[in-house]
1. Which condition does Asp482 not pass, out of (1) over 16 Å from Asp249 (Cα atoms); (2) modelled with pLDDT of 95 or more, if it passes all the others?
2. Every residue in the range 254-269 that is among the hydrophobic types (A, V, I, L, M, F, W, C) and either under 17 Å from Met296 (Cβ atoms) or open to solvent by 50 Å² or more (accessible area, probe 1.4 Å) (or both), please.
3. Any idea how many residues of the range 118-155 are charged (D, E, K, R) and either at pLDDT below 95 or at positive phi (or both)?
4. Would you mind listing the helices (runs of 4 or more DSSP H) fully within the range 77-146 where at least 1 residues are under 20 Å from Met414 (Cβ atoms), open to solvent by less than 20 Å² (accessible area, probe 1.4 Å) and in contact (Cβ under 8 Å) with a residue 60 or more places away in the chain?
5. Please tell me if Asp353 is part of a loop (DSSP other than H, G, I, E, B), in contact (Cβ under 8 Å) with a residue 40 or more places away in the chain, surrounded by fewer than 22 Cβ atoms within 10 Å (Cβ to Cβ) and more than 26 Å from the chain's Cα centre (by Cα).
6. Of everything in the range 308-321, what is of a type in the set (Ser, Thr, Tyr) and buried (at least 22 other Cβ atoms within 10 Å of the Cβ)? Give them in sequence order.
7. Please go through the range 176-229 and pick out each residue that is farther than 20 Å from Glu313 by Cα, among the aromatic types (Phe, Trp, Tyr) and open to solvent by less than 10 Å² (accessible area, probe 1.4 Å).
8. Take Ser150 and decide whether it is buried (at least 19 other Cβ atoms within 10 Å of the Cβ) and of a type in the set (Ser, Thr, Tyr).
Amino acid sequence: MTKKQLLSAISAAAMLLSSVGCSLPGKKNKGQEIQKFTGFYCARKSTNLEEDNEIRQIIAEKTGYILYEEWLQDQADIDKIISDMMISGKYPDFISPDGPNCQRLIRQKAFIPLDNYWDKYPNLKALYSDAQWDTLRAEDGHIYFIPLFSAVNQQVTGNVHDGEAFWIQVKVLEWANYPELKTLDDYFDLIEDYIAANPVDENGEPYIGYEIEATEVRMFALDNPPMFLDGYPNDGCCYVDPDTLEAKDYNLLPTAKKWFKKLNEEYHKGIIDQECFVMDDTAYYDKLATGRVLGMVDQHWNFGSSERQLPAECTYIPIGITIDEDTVEHYRDNPAFNASTGVGVSVSCSDPDGAVEFMSKLIEPEILNLRFWGVEGVDYFSNDDGYFDQTEEQYNNWRDDDYSLKHKCMYSYMPHYGGMAPDGVNAYTAENQPNIFHDHLAPSIKKCFDAYGKQTYRDFLNTPAENPAWYPMWSFEGAATDATEYGKVSKKINEIKLNYMPLLVMSNDFEKSWEEYNTAYNAVEPQIYFDALTAEVRRRCSIINGS
């Protein structure tokens, strides 16, 4: 951690500890006392909204509540932050932790039971079905958090694929006259050919053919591609046999070996960044923002902020690469019900009823529009049919970082619906509105879309089927803690991956390294973990199916 990051972390921690559990009255407005809440969210954001943020104040005036959010800073240790809270017994009013720490907080009795409020605030309960809520019940039968990003009003909307894929820059596809890419060989052959013809960018800087983010926190781009390459959806930690409902291990399959062998070959050819395994997350994002990285595997939500800094020809197109031409790719999915974590109200909150009421008010139609569209007449306009649009100035303002900090307030890690807006006419957010999206595509991207016959980034990948009852199994990771035997095995598996996977890519003797990896992996008895996953698959299916 740099000195600047250390000072930032200390400052953030001091602010958080000074505000936890305070729920104090904010400033008065028109005779109404506005209640102040604090929240800590484990998503990483480098900046907070400005103190006098305009829409946050409008929401406060309409609901009677205002929320001051604190975010996880780069390099901060989420486990230590949560441990310090538990030791002190003092918490912010709202907490949205990662999966494992959510379970720790529940065992510590740090959250209030939210299902006690369902009768009073039925619109919160209506976010999910009874069967979905039942999958969240703790051992005492209560529900302690509300999952985020899983509730959809009417239908899924969106123009951008926010999940995982093999990504490649628009200019590389244009250079090759928009080829069809299906397999690993197709993908890496194109990158190799482009670099052979174009070794440096317009500034004389060498291109990076393929980049890998492989830190302890962000390992999925190295770890889970074998699952996708074999055509399975993103269960994350396993793939599931739909006939037997068995959770199975993809880590040592033939496809996994082919994947790492291919990376090994490309690393030794110089196509893969030689520094990829000594970078931190910030360095990875910074390299993407230079425009020099031609391709990578990643989740779009993870690199989108870096991509926004790029010229249009350097933006990325998602490709559904599979291990062979006959395998059907399954990179897209419908919004997953995340049973591992969400947002909860802490026992330190002095007004828990007000906190739950605030969450309920946040999903009322008027407030949802304020959160995700802004102020009508300022951030968007409505035509005679009730269809929302933006002028050029409104479009640019809505996407400007400085404007966002002083004006926008999405409360993004509080309950909300995705999909359609409450009116059923518009997308829930301006970013998902089809006409706004198409009107602002850069010429190079429109040309790429037209060449492939696509309308959106999502169209480059297959339309997903309905999520199966168990999906997704990555949400079970929150229960895989040291308190269970399978949790201990899961931790050992992750440690082995972290140690061996970079070695597999860099090794001068791949076959020897692969055998060493297999030996170390099998020694921790991974089946203990996959048996637990299988039990969870069958438990979820029995709840959803009512059996």
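1. For Asp482, the exception is condition (2).
2. Scanning the range 254-269 gives Trp259, Phe260, Leu263.
3. Just the residues of the range 118-155 that are charged (D, E, K, R), to begin with: 119-120, 125, 130, 134, 137, 139-140.
Next, from what is left, pick out any that are either at pLDDT below 95 or at positive phi (or both): 130, 134, 137, 139.
Within the range 118-155, residues that are charged (D, E, K, R) and either at pLDDT below 95 or at positive phi (or both) number 4.
4. 78-88, 99-107, 122-125
5. Here the answer is no, as Asp353 does not meet what is asked.
6. Tyr316
7. Phe228
8. So Ser150 passes the test.
The values are calculated or read from the model by the stated rules, or taken from the named source; none is laboratory data. All figures in this text were calculated on a predicted structure; none of them were measured in a lab. Positions of Cβ are generated from backbone atoms using ideal geometry, with glycine treated the same way; all protein chains shown enter the neighbour counts. Just so you know, the surface numbers come from the protein's heavy atoms only, side chains and all, with ligands and any DNA or RNA stripped out. Shrake-Rupley method; radii C 1.70, N 1.55, O 1.52, S 1.80 Å.
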